[in-house]
């Protein structure tokens, strides 16, 4: 392990993907805490901004593509997170619940279309439509399940954290260290925001933070499956992890449970499917001959 | 005994002469040259006798060689008006082959060529400038990973002439070239693993074309 740290290549991976994004997210979170002491209702919006800023720092250090219009699928990531998160946040303030679901469905559908466009245009109309619809529906349903209402969304945050860690673990084994870096960056900024909200008594972790996490994680999973060529088995287990975490969170909230275990339980339930996904990815990697 | 030794020596001498003669003949065939004074015309690149390959540094200690298994295109050549020569190349990026399936899978992914988003590598020439009797500089635009950059290939004309011994589609009037250039992969948006894989890539293209129109 010491030899690993002596490698400039490994050091840059850790600095760019974890340490620096964590520092940026933490600085904004702490600053937001002090600035919003009189207006605690704004904290969750600032924490979503902290997560987005931390992620964008990692993105800038790793990928460095902020072209507009975006040149590649991955270079759409910052714009989707920013615009999609903003739309969802605005919809949350509308009176009717269906605005909340409608906005999220629209953003998920549009994001799926944008991310899949290079592939859709190479397929037949029917195949393209089925591929887009499948991704859009899965993304929307998970989004609805993870952020069903205006209650505290810490369980969703923990579920997303487990999913991000899972993606960071399987991506390098299945063909993309770059996506693993993005997954690790997302996991780190989620951790910073969640830990702070758990430590600060009475702090809520609202939809804006969860929405940013869902958008980024969803985009990374689409890229992992359709562009890195990750196997369907691994993707299914990652989706099962998210679905299991969302399901457990809904059940516990419906039954009126509260407390730290209510927050942590979705993560604990979501961890075994991630472990299975990691094991399958490892077997695939070892069968292919290992590193190069 | 002595007659046997003489017989062996004689047979050895005859065999040596015969071998030398055949080797000289093979050497003649390997010394490529113009067989006909009029290579002008339009050519279809023969994918079975052409190859695009590259070398790149790895871990700062070695060089890795890779190739693209598929190549297609066309070119036109007119010695009287070389500025009007045209070259079009298309290489499916997914055909990359570095002799290691796992690495090739990763090279096709989002970290490098991202072949599902950018399926083809293309080169379109803008002009050709002869620099000697059998060579020149080929200017053009190279597109890799969706990014287009101007590049200059150093071209060496290997030979040209009728080769009726080969059946269709390989036979006919053929010409062959070798082209090399050096690029920085970061110029094309592929800068992943900079600490482990070199930024400089040496490209080589060996072409054999079949004339389709004179």
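Side notes on the structure shown:
- Scope segment A:41-55; condition surrounded by 24 or more Cβ atoms within 10 Å (Cβ to Cβ), closer than 23 Å to residue A:17 by Cα and at pLDDT below 90; matching residues: A:47, A:48
- Condition check for residue A:133: on the phi < 0 side of the Ramachandran plot and either in contact (Cβ under 8 Å) with a residue 12 or more places away in the chain or within 14 Å of chain B (Cβ to nearest Cβ) (or both): no
Residue by residue, here is whether (1) part of a loop (DSSP other than H, G, I, E, B); (2) touching a helix residue (DSSP H, G or I) at 6+ places or on another chain (Cβ under 9 Å); (3) modelled with pLDDT under 95; (4) crowded, with 24+ Cβ neighbours inside 10 Å holds:
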| residue | (1), (2), (3), (4) |
| --- | --- |
| A:172 | no, yes, yes, no |
| A:196 | no, yes, yes, no |
| A:202 | yes, yes, yes, no |
| A:205 | yes, yes, yes, yes |
| A:216 | no, yes, no, yes |
| A:220 | no, yes, no, yes |
| A:225 | no, yes, no, no |
| A:230 | yes, yes, yes, yes |
| A:236 | no, yes, no, no |
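- Condition met for residue A:165 (within 12 Å of the chain's Cα centre (by Cα), over 24 Å from residue A:92 (Cα atoms), within 14 Å of another protein chain (Cβ to nearest Cβ) and in a helix (DSSP H, G or I)): no
- Pairs with Cβ under 8 Å, 6+ apart, first in segment A:250-261 and more than 22 Å from residue A:199 (Cβ to Cβ), second surrounded by 11 or more Cβ atoms within 10 Å (Cβ to Cβ): A:250/A:145; A:250/A:148
- Qualifying strands (runs of 3 or more DSSP E) (wholly inside segment B:144-214; at least 1 residues being under 18 Å from residue B:87 (Cα atoms) and within 14 Å of another protein chain (Cβ to nearest Cβ)): B:147-163
- Residue A:38 falls short on exactly one of the conditions (1) crowded, with 17+ Cβ neighbours inside 10 Å; (2) away from chain B (no Cβ under 14 Å); (3) not in a helix (DSSP H, G or I), and that condition is (1).
- The single condition from (1) in contact with a helix residue (DSSP H, G or I) (Cβ under 8 Å, 6 or more places away or on another chain); (2) more than 26 Å from residue B:107 (Cα to Cα); (3) surrounded by fewer than 18 Cβ atoms within 10 Å (Cβ to Cβ); (4) modelled with pLDDT of 90 or more that residue B:147 fails is (2).
- Selected residue (criterion: nearest to residue B:109 (Cα to Cα)) from residues of segment A:69-107 that are part of a loop (DSSP other than H, G, I, E, B) and free of Cβ contacts under 8 Å to residues at least 40 places away in the same chain: A:72
- Any chance residue B:112 is under 28 Å from residue A:66 (Cα atoms), assigned by TED's automatic domain parsing to the domain that holds residue B:39 and at pLDDT 90 or above: yes
- Condition broken by residue A:7, with the remaining ones in (1) more than 22 Å from residue A:186 (Cβ to Cβ); (2) more than 13 Å from chain B (Cβ to nearest Cβ) satisfied: (2)
- Complete set of residues in segment B:107-126 that are away from chain A (no Cβ under 14 Å) and surrounded by 15 or more Cβ atoms within 10 Å (Cβ to Cβ): B:121, B:122, B:123, B:124, B:125
- Residue in segment A:51-67 that is in contact with a helix residue (DSSP H, G or I) (Cβ under 8 Å, 6 or more places away or on another chain), without any contact (Cβ under 8 Å) to a residue 40 or more places away in the chain and within 12 Å of chain B (Cβ to nearest Cβ) present: yes
- Candidates A:70, A:21 - the one that is within 14 Å of chain B (Cβ to nearest Cβ) and touching a helix residue (DSSP H, G or I) at 6+ places or on another chain (Cβ under 9 Å): A:70
- Criterion (buried (at least 19 other Cβ atoms within 10 Å of the Cβ), out of contact with any helix residue (DSSP H, G or I) (no Cβ under 8 Å at 6 or more places or on another chain) and either within 14 Å of chain A (Cβ to nearest Cβ) or closer than 25 Å to residue A:180 by Cβ (or both)) met by exactly one of B:59, B:93: B:93
- Residue ID - surrounded by the fewest Cβ atoms within 10 Å (Cβ to Cβ), chosen from residues in segment A:263-279 that are touching a helix residue (DSSP H, G or I) at 6+ places or on another chain (Cβ under 8 Å) and more than 14 Å from residue A:243 (Cβ to Cβ): A:264
- Among the candidates B:121, B:91, B:56, residue that is outside any loop (DSSP other than H, G, I, E, B), touching a strand residue (DSSP E or B) at 6+ places or on another chain (Cβ under 8 Å) and more than 30 Å from residue B:211 (Cα to Cα): B:56
- Residue match in segment A:147-157 (condition: away from chain B (no Cβ under 14 Å), under 16 Å from the mean Cα position of the chain (by Cα), in a helix (DSSP H, G or I) and under 24 Å from residue A:20 (Cα atoms)): yes
The values are calculated or read from the model by the stated rules, or taken from the named source; none is laboratory data. Please read these numbers as outputs of a predicted model, since none were measured by experiment. As a convention, Cβ positions derive from the backbone with ideal geometry for all residues, glycine included, and neighbour counts pool all protein chains shown.
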